[in-house]
Amino acid sequence: MKVIYTPAVTEYLILFDFDETYYPHECLPEQLKMVYELEQYLQQLARNHQVKIAWVTGSSVQQIQAKMNIAGMTQLPHFIASNLGTELWEVEPDGQLVAVPSWAKIIRASGFSRRDVEDYLISELKSTFNIVLHEQTQLGQSRYKMNYYYYPVSAVKTQYDISIIRHLAASHGIGININICNPKAGDPEHAYDVDFIPAGTGKKAAVQFLMDYSQVPLSKTLAFGDSGNDIEMLQMVAHGYLLQNATAEAKSCHNNVAPYPYAEGILHVCRNFFRE
């Protein structure tokens, strides 16, 4: 794997969700052709406009590497905020991933405990409110992100249950992400992702941290996503876009939508923005 050229000074920051935004799960030939074109274009942006690139994703580093191998992708970004922004890595020019110490400090200060989630939060949801969450065992669990599925029964009960889940997580000092699953990314249909994470982390927090860490002004930030868990990230930057392949849930929450899907949509927006 190669790393995108690293400029000495960062003038712009572009942030991407990975699954179904930068990386198309179908890996159709025409999709991959655009991915390779995007990789080369980002190299040009880094050299010509001092752009740095970040992936802000629910996937783990191991999952990212496996998907890159499947797609034949060769370019690593400058930053990877993996496992829903609970881990933050700076990518060295030689491809080594180095944990950002100041982000790790935020994690430690949160006091996040997997045992608290399992023994108190999940248990209380079931025993007191009859809300059952199903562990996402097929994806594995990370140290600081615990993934569950919620299967809705009715619209009214779903709305009530989700409000209870959010309230209970907040009362335990635990961060949370809830959004409708995207089957294209390997999730079941008609289910919700429920992710418990350390307070003060997540995609929104990771984006704000990277903006401050890179000392990039808000006006020179762009972001791209496809699903409900990307909306806060898109709203954190000056120029946030959903791609044409975004979920209906995401499009109902954010009006700025690229005219094309996946890498084609990214290239269209960036070429207009940088007038290339």
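The values are calculated or read from the model by the stated rules, or taken from the named source; none is laboratory data. Note that the coordinates shown come from a computational prediction; the quantities given were computed from them, not determined experimentally. Cβ coordinates were reconstructed from backbone atoms using ideal geometry, including for glycine residues, and neighbour counts include every protein chain displayed. Calculation scope for accessible area: heavy atoms of the full protein, side chains included, ligands and nucleic acids excluded. Shrake-Rupley method; radii C 1.70, N 1.55, O 1.52, S 1.80 Å.
Structural remarks
- Residue list for the stretch 189-202, filter: open to solvent by 40 Å² or more (accessible area, probe 1.4 Å) and either under 24 Å from residue 108 (Cβ atoms) or not hydroxyl-bearing (Ser, Thr, Tyr) (or both): 189, 190, 199, 200
- Only one of 135, 118, 90 that is of a type in the set (Asp, Glu), modelled with pLDDT of 95 or more and touching a strand residue (DSSP E or B) at 6+ places or on another chain (Cβ under 9 Å): 90
- Checked across the stretch 1-13, the condition of being open to solvent by 40 Å² or more (accessible area, probe 1.4 Å), out of contact with any strand residue (DSSP E or B) (no Cβ under 7 Å at 6 or more places or on another chain) and hydroxyl-bearing (Ser, Thr, Tyr) holds for at least one residue.
- Scanning the stretch 1-18 for residues that are over 20 Å from the mean Cα position of the chain (by Cα) and not aromatic (Phe, Trp, Tyr) yields 1, 2, 6, 7, 8, 9, 10, 11.
- Breaking point among (1) outside any strand (DSSP E or B); (2) small (Gly, Ala, Ser); (3) out of contact with any Asp or Glu (no Cβ under 7 Å at 6 or more places or on another chain), for residue 54: (1)
- Among the residues of the stretch 229-263, those identified as charged (D, E, K, R) and more than 15 Å from residue 17 (Cα to Cα) are 249, 251.
- Failed criterion for residue 110 (all others in (1) closer than 22 Å to residue 191 by Cβ; (2) under 25 Å from the mean Cα position of the chain (by Cα) hold): (1)
- Just one of the listed residues (212, 226) is open to solvent by less than 10 Å² (accessible area, probe 1.4 Å) and modelled with pLDDT of 95 or more, namely 226.
- Selection from the stretch 95-122 of residues that are among the small types (Gly, Ala, Ser), open to solvent by less than 70 Å² (accessible area, probe 1.4 Å) and assigned to a helix (DSSP H, G or I): 102, 104, 110
- Search result, residues across the stretch 189-229 that are among the polar types (S, T, N, Q) and assigned to a loop (DSSP other than H, G, I, E, B): 201, 215, 227
- Residues that are modelled with pLDDT of 95 or more, outside any loop (DSSP other than H, G, I, E, B) and open to solvent by 10 Å² or more (accessible area, probe 1.4 Å) within the stretch 63-74 comprise 65, 66, 67, 69, 70, listed in sequence order.
- Residues of the stretch 229-242 satisfying the condition of being open to solvent by 20 Å² or more (accessible area, probe 1.4 Å) and closer than 22 Å to residue 183 by Cα: 229, 232, 241
- Single match in 26, 11, 87 (criterion: free of Cβ contacts under 8 Å to residues at least 60 places away in the same chain and of a type in the set (Asp, Glu)): 87
- Of all residue pairs spaced 6 or more apart or on separate chains, those with beta-carbon atoms under 7 Å, a first member in the stretch 37-62 that is buried (at least 20 other Cβ atoms within 10 Å of the Cβ) and a second member that is of a type in the set (A, V, I, L, M, F, W, C) and at pLDDT below 95 are 42/4; 46/4; 53/4; 58/84.
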